[in-house]
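What follows is a single structure, written as structure tokens, with notes after it.
The values are calculated or read from the model by the stated rules, or taken from the named source; none is laboratory data. Quick caveat, the model's predicted, so the values are computed rather than measured. Using ideal geometry, Cβ is built from the backbone for each residue, glycine included, and neighbour counts are taken over all protein chains shown.
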Amino acid sequence: MYMSALRHDNRKGSGTTLLPDSLPPLPGHDGGTVPGGTGSDVMKNRGTVKTNLRKGQRTALVASVVTLLLAGVKTLVGYGLDSPLLVADGFHTLSDFTVIFASWFGLFLAAREKTDRFPYGLYKAETLVSFVIGLFITWAGIEVFLRGVKKFGPPASTDSFPLLPIVVSCISMIIGYFLARREGSVGNAINSQSLKAIAQDSYLNIAVSFAVLTGIVAGYVSIPYVEGLLLVIISLLILKLGVETIWFSLLILLDANLDRSLQFEIIREINDIPGITGVRDVKIRQAGPLRLVECNIESNPHVPLYKAHGVADRVENHIKETFPYIESVYVHIEPGKREATVAIIPVKDINGLNSKVHGHFGRAPYFVVIRIRGDTVEIEDFYYNEHLGTKGTIHVGVKVIKELTRYGLNTVFTSQIGEISFHMLKDSFIDIYKARENEPVRDVVDRFKRGDIEILNAPTHPAETSQAERMTGAKDNGP
């Protein structure tokens, strides 16, 4: 029995820690392979995280270089052809380069290995950079708004058709579109907040470039107010994006719970793992593109400590395999409290709560299924053991257990039980109590309520005895 809460974590330098006096989501079984949750799967997920971060770095770096080249071309052409609008757009694009480069730097830091000083990694560097990006975007929105206000009025006239500025603006919009698509697709694929933010900003910058193009054409044909109005509208959209990015980054840095749907999915997955009797709470923190999860779960209070640790392992590995963007899982497992005890008892006859306990688990002709909730005892069913006298290599007790597990049982009362049946029940986290042969079921339940009944921590006889009994039974029932 484990009488202390068990905390399990796989972070570097951590392990199982027992806290004395601190009582408060892989189908599988002990010793077998846990579907969706092996050690190699976890290492594979870690490799995927690093690969995704490097992919985000490459995308941000390419976008930075292309944006810097666009800023230079716009500025040079604007100065060369005396186009103030194109020059201003060039400086605006240069500020976009700063934002994208900051995203690359954040992803670069997030991809660094964990150290003793930063045991959780530097994933939140990407979130911090997103906050800075939000400030830049907000500043850009204010700058575009002020430029739009200044543009209300007659446009500056020009004598020659501004072909080259128009061509540069069109090329800028086309390149910006493909950059925005790439940033958005990669950002969504690797769950990078900074890449998704700059992708949205890039789409808005296309609109800014279109407003500049409109202003250049309007200046040539002398149409007033068009450029100013478009810039003011676009600036409001940019301001909205900047404020949202700042607010969302602050929530992440303050460890707000922003993903309740993921929280419910994890609870559902954990509840499907054998050995879990309840989930008290699941907490999720976001660190850059990844998630850090803390689980407070309950298990059978009578299982040994090593089995409780095995449950924690299965929870951790299954969550990481099911949700690859979860980087760390911290599992705190506590002794659970049952709302009801669902038990089976091997009996000799069918006589309600007065049925008599049989002398052996697998050789009993009947099994009574009872539910104990407080002072209430209900008989849910009587099961006829149709496997008695059958020939074959499968142990009778194994067949009975496989069929009775559909009742959702968590307890067995029996006079005797063999080695195979005992370990099969224990592997399913089912408690086994020592009943007396010929004892009425009612008396067994009364002793259980009083706590005056022995819990079995070992089979009552070895597998060889069960084998000999089975062979004798087969001969007695043979032709």
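Some observations on this one:
Results for (1) of a type in the set (Val, Ile, Thr); (2) surrounded by 17 or more Cβ atoms within 10 Å (Cβ to Cβ); (3) at pLDDT 85 or above, shown as yes or no for each residue.
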site: ALA312; (1), (2), (3): no, yes, yes
site: ASN317; (1), (2), (3): no, yes, yes
site: VAL329; (1), (2), (3): yes, yes, yes
site: ALA340; (1), (2), (3): no, no, no
site: ALA343; (1), (2), (3): no, yes, yes
site: LYS348; (1), (2), (3): no, no, yes
site: ASN351; (1), (2), (3): no, no, yes
site: PRO365; (1), (2), (3): no, no, yes
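- Residue match in the range 220-230 (condition: modelled with pLDDT under 80, in contact with a Gly (Cβ under 6 Å, 6 or more places away or on another chain) and surrounded by fewer than 21 Cβ atoms within 10 Å (Cβ to Cβ)): yes
- Selection over the range 73-121 of residues that are of a type in the set (S, T, N, Q), more than 45 Å from the chain's Cα centre (by Cα) and either more than 16 Å from MET173 (Cα to Cα) or not assigned by TED's automatic domain parsing to the domain that holds GLY187 (or both) gives a count of 1.
- Qualifying residue in the range 220-233 (condition: of a type in the set (D, E, K, R) and more than 24 Å from the chain's Cα centre (by Cα)): yes
- Residue count for the range 240-288 under the criterion of being among the charged types (D, E, K, R) and closer than 30 Å to PHE131 by Cβ: the result is 9.
- If you go through the range 272-305 and pick out every residue that is within 29 Å of LYS50 (Cα to Cα) and among the small types (Gly, Ala, Ser), you end up with 2.
- Residue in the range 235-244 that is closer than 26 Å to PHE210 by Cβ and either among the β-branched types (Val, Ile, Thr) or in contact with a Pro (Cβ under 8 Å, 6 or more places away or on another chain) (or both) present: yes
- Any strands (runs of 3 or more DSSP E) falling wholly within the range 333-411 and containing at least 1 residues that are of a type in the set (Asp, Glu): 376-384
- Any hit, the range 90-107, residues being buried (at least 16 other Cβ atoms within 10 Å of the Cβ), modelled with pLDDT of 75 or more and outside any helix (DSSP H, G or I): no
- Candidates GLU437, GLU419, filtered to the one that is surrounded by 19 or more Cβ atoms within 10 Å (Cβ to Cβ) and acidic (Asp, Glu): GLU419
- Count of residues meeting criterion [over 22 Å from ASP89 (Cβ atoms), small (Gly, Ala, Ser), modelled with pLDDT under 85 and more than 20 Å from the chain's Cα centre (by Cα)] in the range 184-203: 1
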